[in-house]
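> Following this message is one structure expressed as structure tokens.
The values are calculated or read from the model by the stated rules, or taken from the named source; none is laboratory data. The model shown is predicted, which means the values in this text are computed figures rather than measured ones. Here the Cβ is made from the backbone with ideal geometry for all residues, glycine too, and neighbour counts use every protein chain on show.
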Amino acid sequence: MVSERMLGLGTARSVIRELFEYGKQRAAVVGAENIFDFSIGNPSVPPPPQVNETAIRLLQTEDSTALHGYTSAQGDAGVRKAIADNLNARYGTDYTGDQLYMSVGAAAALCCCFNGLACPGDEFVVIAPYFPEYKVFIEGSGAAMRLIQPDPDTLQIDPEALAAAVGPHTKGVVVNSPNNPSGVIYTEETLKAAAAVLEAKSAQYGHPIYLISDEPYREIVFEGYSVPWIPHIYKDTIVCYSFSKSLSLPGERIGYVLVPSQVTNSARVYAAVAGAGRSLGYVNAPSLFQRVAAECCGLTSDTSIYERNAKLLVTSLREMGYQCIQPQGAFYLFLKCPEPDDKAFSLRARDYDLLLVPGVGFGMTGWVRLAFCVQTEMIQRALPKFRELLDSYK
């Protein structure tokens, strides 16, 4: 006998991965150059040169036994101090390395938070559109996920919907800004309104409601926009971060959890996060890339390429007659389907070798997601296909 829940997770591909695999199979038939794959958020720009240079230097000059050996369970002390110092320089804070827990990417950071915080009967509120794995992570902790819809015009958090969803069993609220799948950045005004709701609800129910900020796209911000530092706005904020997108290192699986001292019961929360890491087997994030991240945490890849792709797509698609949300960061575009059924639209797009992810998996029907972390030349070649696809509805 096996766990039926785990069997289901192991045998059911995510829609994103399914499209990605379909694209590889289809490429074998028509040629890779004829597949326009906007399915998966895999960075398409290389890491900054300093990343490889740092890794090579460490490999050539450091004692290999120590370099590849275990670190402390929560991460190397020097690494955590370096990252804390970088945050302090950027945000005017006074974090210490003891408030950071190095993690195996943002997924592990989130799982450590959910498992560390969740008690029987707890709920976590998630705002659509959302990264589908949140549901897997939350339910894996034994908690329940409660989904709310955003403002339909801006995709900002709807404070009234948030207030209606937060109840006595709410342990936390998850936010993701810049957002996957929409590219929307939550404004300071939006976050202050959400903070006011959570402060009132925390007082009403007599326990803190934590805000878990999932920030893998924090550094990918387009001209004219900025990402507020949420702990400045709401004191009970726990930050989950990954270097996967900022340094183009998704396969190296390196990130962290930040539990600021201002968080209610911060020492207990940090210990619970660490305990969850132990329980889940996430202790000791990859040691080499802990060191690389510490030395390169002030750098980013060339994100201007993503902004260029966003402008090209938005301008061209709107001229054709499509409706879409303006990306403000990350590398995703949320496109309104010309029919209500986003799954049907995604299937029709396959006829033109366009791989677009249905929005239903992100909690919003009638939309598809395009990951534009691709070569600009591919977008240019794909544009006639988008026109043909839209014309097929006329």
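> Can you find even one residue in segment 16-27 that is surrounded by fewer than 21 Cβ atoms within 10 Å (Cβ to Cβ) and in the same structural domain as Glu219 (by TED's automatic domain parsing)?
The answer is no; no qualifying residue exists.
> Out of (1) buried (at least 16 other Cβ atoms within 10 Å of the Cβ); (2) modelled with pLDDT under 95; (3) touching a helix residue (DSSP H, G or I) at 6+ places or on another chain (Cβ under 8 Å), the odd one out for Gly298 is which?
Failing condition for Gly298: (1).
> Only one residue in Thr61, Thr54, Thr71 is under 30 Å from Asn265 (Cβ atoms) and polar (S, T, N, Q). Which one?
Of Thr61, Thr54, Thr71, the one residue that is under 30 Å from Asn265 (Cβ atoms) and polar (S, T, N, Q) is Thr71.
> Name the residue that is farthest from the chain's Cα centre (by Cα), counting only residues in segment 306-339 that are of a type in the set (Val, Ile, Thr) and at pLDDT 95 or above.
Thr315
> Check every one of the helices (runs of 4 or more DSSP H) wholly within segment 92-194 and list those with 1 or more residues that are crowded, with 23+ Cβ neighbours inside 10 Å.
105-117, 133-140
> Inside segment 1-58, can you point out the residues that are assigned to a loop (DSSP other than H, G, I, E, B), of a type in the set (Val, Ile, Thr) and over 30 Å from Gly140 (Cβ atoms)?
Within segment 1-58, Ile35, Val45 qualify.
> Right, another one. Being among the aliphatic types (A, V, I, L, M) and either closer than 23 Å to Pro49 by Cα or touching a helix residue (DSSP H, G or I) at 6+ places or on another chain (Cβ under 8 Å) (or both) is the requirement here; does Ile305 meet it?
Judged against the criteria, Ile305 is a match.
The rows are residues; the columns are (1) in contact with a Ser or Thr (Cβ under 6 Å, 6 or more places away or on another chain); (2) within 30 Å of Cys324 (Cβ to Cβ); (3) free of Cβ contacts under 8 Å to residues at least 40 places away in the same chain.
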{"residue": "Thr54", "(1), (2), (3)": "no, no, no"}
{"residue": "Gly78", "(1), (2), (3)": "no, no, no"}
{"residue": "Gly97", "(1), (2), (3)": "no, no, yes"}
{"residue": "Ala106", "(1), (2), (3)": "yes, yes, no"}
{"residue": "Leu110", "(1), (2), (3)": "no, yes, no"}
{"residue": "Ala128", "(1), (2), (3)": "no, yes, no"}
{"residue": "Ala143", "(1), (2), (3)": "no, no, yes"}
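> Further question: Report yes if some residue within segment 245-257 is buried (at least 21 other Cβ atoms within 10 Å of the Cβ), farther than 14 Å from Ala106 by Cα and either of a type in the set (Val, Ile, Thr) or modelled with pLDDT under 95 (or both); otherwise report no.
No, because not a single residue in segment 245-257 is buried (at least 21 other Cβ atoms within 10 Å of the Cβ), farther than 14 Å from Ala106 by Cα and either of a type in the set (Val, Ile, Thr) or modelled with pLDDT under 95 (or both).
> Now for a separate question. Within segment 372-386, can you find the residues that are out of contact with any Leu (no Cβ under 9 Å at 6 or more places or on another chain) and either over 20 Å from Pro43 (Cβ atoms) or of a type in the set (A, V, I, L, M, F, W, C) (or both)?
Cys373, Val374, Met378, Arg381, Pro384 - these are the residues of segment 372-386 that are out of contact with any Leu (no Cβ under 9 Å at 6 or more places or on another chain) and either over 20 Å from Pro43 (Cβ atoms) or of a type in the set (A, V, I, L, M, F, W, C) (or both).
> For Gly41, work out the one condition from (1) modelled with pLDDT of 95 or more; (2) crowded, with 16+ Cβ neighbours inside 10 Å it doesn't fulfil.
With (1) modelled with pLDDT of 95 or more; (2) crowded, with 16+ Cβ neighbours inside 10 Å applied to Gly41, the lone miss is (1).
> Let me ask something additional. Can you tell me which residue in segment 55-91 is surrounded by the most Cβ atoms within 10 Å (Cβ to Cβ), limited to those that are over 30 Å from Leu280 (Cα atoms) and β-branched (Val, Ile, Thr)?
Taking the candidates together, the pick is Ile56.
> Right, next: Scan Arg369, Arg348 and give me the residue that is more than 30 Å from Thr300 (Cβ to Cβ), among the basic types (Lys, Arg) and either at pLDDT 95 or above or in contact with a helix residue (DSSP H, G or I) (Cβ under 6 Å, 6 or more places away or on another chain) (or both).
Residue meeting the stated conditions: Arg348.
> Take Tyr256 and decide whether it is closer than 17 Å to Gly97 by Cα, assigned to a strand (DSSP E or B) and not polar (S, T, N, Q).
The answer is yes for Tyr256.
> Hey, another quick one. Is there a residue in segment 340-358 that is in contact with a Phe, Trp or Tyr (Cβ under 6 Å, 6 or more places away or on another chain) and either under 20 Å from Tyr217 (Cα atoms) or of a type in the set (Val, Ile, Thr) (or both)?
Within segment 340-358 (the criterion being in contact with a Phe, Trp or Tyr (Cβ under 6 Å, 6 or more places away or on another chain) and either under 20 Å from Tyr217 (Cα atoms) or of a type in the set (Val, Ile, Thr) (or both)), the answer is no, since none of the residues qualifies.
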